[in-house]
1. For residues that are exposed (fewer than 11 other Cβ atoms within 10 Å of the Cβ) and at pLDDT below 90, tally how many sit in region 8-40.
2. Could you please tell me which pairs satisfy a Cβ distance under 9 Å, a separation of 6+ or placement on different chains, a first residue in region 130-150 that is open to solvent by 100 Å² or more (accessible area, probe 1.4 Å), and a second residue that is at pLDDT 75 or above?
3. Does region 57-73 hold any residues that are surrounded by fewer than 11 Cβ atoms within 10 Å (Cβ to Cβ) and more than 30 Å from residue 101 (Cβ to Cβ), and which are they?
4. For region 114-126, indicate whether the set of residues that are modelled with pLDDT under 85, within 30 Å of residue 146 (Cα to Cα) and touching a helix residue (DSSP H, G or I) at 6+ places or on another chain (Cβ under 8 Å) is non-empty.
Amino acid sequence: MAQDVIYARVPTALKEAVDAYASRQGTSLTAGVVDLLDRGLAAAKGLSVERLEASLAETNSRLQAAEAQLATLSAFAERASHRIGTCPYCSKDITGRDLLAVGNCPHCGKPLSELIVPNNGKNSLDQREALMLVGALGAVLAVAYLASKK
């Protein structure tokens, strides 16, 4: 690697600061000057503190949005774990997860679609819990939609 020489006169305080920097780094004065010049040029090319702070602010904003989304999903997961009715076949308890995510009774394995649209008019679904679950699902979908717009 070819090396060139730069001769420059600098204030005494600057030379002392560079000497101290090189000592702390365990390098020669020349290596310290090269390192500091490289860092300064990198900052001048656009890696400025202001740009890094702006990037950090954007990252923090995204983190807050992700935390809000996680809280919404956690609330939905909590709501989905509640009992919302009984299986029309085996009469054992089912949850929102069983009804909306799995679609089958965890006990007998039969499909739970009859709870959503009953054939016989008899429905063992707790309507209040089902509506709460659907509301939570709506919130999850709204968060997903808003997140896709960013």
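The values are calculated or read from the model by the stated rules, or taken from the named source; none is laboratory data. Keep in mind that this is a model prediction, so the values were computed, not measured. Glycine also receives a Cβ, built like all others from the backbone with ideal geometry; neighbour counts cover every protein chain displayed. Please note that ligands, DNA and RNA were not included when accessible areas were found on the heavy atoms of the full protein model with its side chains. Shrake-Rupley method; radii C 1.70, N 1.55, O 1.52, S 1.80 Å.
1. Residues in region 8-40 being exposed (fewer than 11 other Cβ atoms within 10 Å of the Cβ) and at pLDDT below 90: 3 in total.
2. The qualifying pairs are 146/65; 146/69; 150/62; 150/65.
3. Answer for region 57-73, where residues must be surrounded by fewer than 11 Cβ atoms within 10 Å (Cβ to Cβ) and more than 30 Å from residue 101 (Cβ to Cβ): 57, 58, 59, 60.
4. Checking region 114-126: at least one residue is modelled with pLDDT under 85, within 30 Å of residue 146 (Cα to Cα) and touching a helix residue (DSSP H, G or I) at 6+ places or on another chain (Cβ under 8 Å).
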